[in-house]
Amino acid sequence: MESTFAVIAEPSRRAILSLLALSEQTVGDIEEKLSLSQPSVSKHLKVLREAGFVEARVDAQRRVYRIRPEPLAEIDAWLEPFRRFWSGHVDALERHLDQIDPAPPNKETKR
């Protein structure tokens with residue numbers, strides 16, 4: 001488990017994972033969106049790939065990267081016992097927000 005957390009400890013790798021959580025990306029896409037150099041993006045993708053967080057497929061002359069959920073499921077399982085520390089607070093916040101700004105009633109459109 002330490003190696004998994006070491007991989008995601010680096011902010012640029014977390015940013016790359018966040019992008020890949022939205023959609024598949026090429027190295028060029030990641031460079032542009034994160035304002036990182038190509039060698040830096042490639043280095044971080046290599047670490048993520050070797051740790052099993054991402055995989056690539058070849059599309060013509062470029063590699064398209066996508067996230068692999070398995071290592072994230074491992075992190076999620078590790079976090080499970082700690083959720084009780086914030087779940088109640090998040091539920092209380094939701095109730096509070098509902099009280100100060102209740103959701104508008106649903107209006108069915110007439111046809």
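Values in this text are rule-based calculations from the coordinates and carry no lab data. Model, not experiment: these values are computed from the prediction. In this analysis, Cβ positions are derived from the backbone assuming ideal geometry, glycine residues included, and neighbour counts consider all displayed protein chains.
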Taking Lys and Arg as +1 and Asp and Glu as -1, residues besides Arg68 with C-beta under 13 Å from its C-beta add up to -2
Ranking Arg95, Arg13 by Cβ neighbours within 10 Å, fewest first, what do you get?
-> Arg95, Arg13
